[in-house]
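The values are calculated or read from the model by the stated rules, or taken from the named source; none is laboratory data. Predicted model, so just to flag it, every value in this text is computed and none were measured. Methodologically, a virtual Cβ is constructed for each residue, glycine included, from the backbone with ideal geometry; neighbour enumeration extends over all protein chains shown.
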Amino acid sequence: MTAAETVHEYFDALVAEDGDRLTALMARAPHFTKIGTDEGEWVEGCDRIAEYFAGVAASTEGLRIDTRRLRIEEREGVAWFRALQVWRLTWSGRDETLQMRLTGVLERVDGAWRFVQIHASVGES
């Protein structure tokens with residue numbers, strides 16, 4: 001997969017609520033960082049990746065993503081993306097519409113693109 005295909009696979013795995021697919025896309029590296037929108041959504045290193053994404057998949061229902069802007073750049077063994085998206089979902093039992101801003105960095109690991117950093121924030125509706 002190219003870096004762009006890997007980013008799209010991440011979005012597809014989110015919509016599919018597939019924690020295993022999400023986990024497989026992450027680098028097993030001590031410098032891995034996932035920063036989410038809630039205070040407790042801060043994962044550093046690879047020890048909690050599977051637990052984190054299993055929790056995301058379990059607490060999210062019916063996610064639909066409308067990507068408004070997406071840019072993906074790739075240089076040698078590093079790639080990065082940024083996106084503006086609208087997420088419509090049921091989160092912990094509540095219907096939500098979220099204006100999302102995402103950024104991320106990928107590294108090529110053993111010939112495959114893997115995320116080493118993802119940051120998500122919620123913009124104003």
Item to check | Hey, V78 surrounded by 15 or more Cβ atoms within 10 Å (Cβ to Cβ), closer than 21 Å to T23 by Cα, at pLDDT 95 or above and β-branched (V, I, T) or not | outcome: no
Item to check | All positions within region 52-74 that are within 20 Å of A29 (Cα to Cα) and more than 14 Å from the chain's Cα centre (by Cα) | outcome: E74
Checklist outcome for this item: Okay, strands (runs of 3 or more DSSP E) sitting entirely in region 32-75 with 2 or more residues that are hydroxyl-bearing (S, T, Y) and in contact (Cβ under 8 Å) with a residue 24 or more places away in the chain, I get 60-75
Checklist entry - Which one is nearest to the chain's Cα centre (by Cα) among residues in region 79-107 that are among the charged types (D, E, K, R) and over 13 Å from V7 (Cα atoms)? => result R101
Item to check | Count - residues of region 76-125 that are more than 16 Å from L63 (Cβ to Cβ), assigned to a strand (DSSP E or B), small (G, A, S) and touching a strand residue (DSSP E or B) at 6+ places or on another chain (Cβ under 9 Å) | outcome: 3
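For every residue, the table says whether it meets (1) surrounded by 14 or more Cβ atoms within 10 Å (Cβ to Cβ); (2) closer than 17 Å to V109 by Cβ.
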{"site": "T2", "(1), (2)": "no, yes"}
{"site": "R21", "(1), (2)": "yes, yes"}
{"site": "A24", "(1), (2)": "yes, yes"}
{"site": "H31", "(1), (2)": "no, yes"}
{"site": "D38", "(1), (2)": "no, no"}
{"site": "C46", "(1), (2)": "yes, yes"}
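Table: residues versus (1) surrounded by 15 or more Cβ atoms within 10 Å (Cβ to Cβ); (2) at pLDDT below 95; (3) over 18 Å from K34 (Cα atoms); (4) not β-branched (V, I, T).
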{"residue": "E61", "(1), (2), (3), (4)": "no, yes, yes, yes"}
{"residue": "E74", "(1), (2), (3), (4)": "yes, no, yes, yes"}
{"residue": "Q85", "(1), (2), (3), (4)": "yes, no, no, yes"}
{"residue": "S92", "(1), (2), (3), (4)": "no, yes, yes, yes"}
Checklist outcome for this item: E39 vs (1) modelled with pLDDT under 95; (2) over 18 Å from A120 (Cα atoms): all pass except (2)
Item to check | Subset of region 101-125 that is touching a Phe, Trp or Tyr at 6+ places or on another chain (Cβ under 6 Å) and in contact (Cβ under 8 Å) with a residue 40 or more places away in the chain - its residue that is nearest to M26 (Cα to Cα) | outcome: V116
Item to check | Residue check for R48: more than 13 Å from the chain's Cα centre (by Cα), at pLDDT 95 or above and not aliphatic (A, V, I, L, M) | outcome: no
Checklist entry - Among the residues of region 6-19, how many are outside any loop (DSSP other than H, G, I, E, B) and without any contact (Cβ under 8 Å) to a residue 12 or more places away in the chain? => result 2
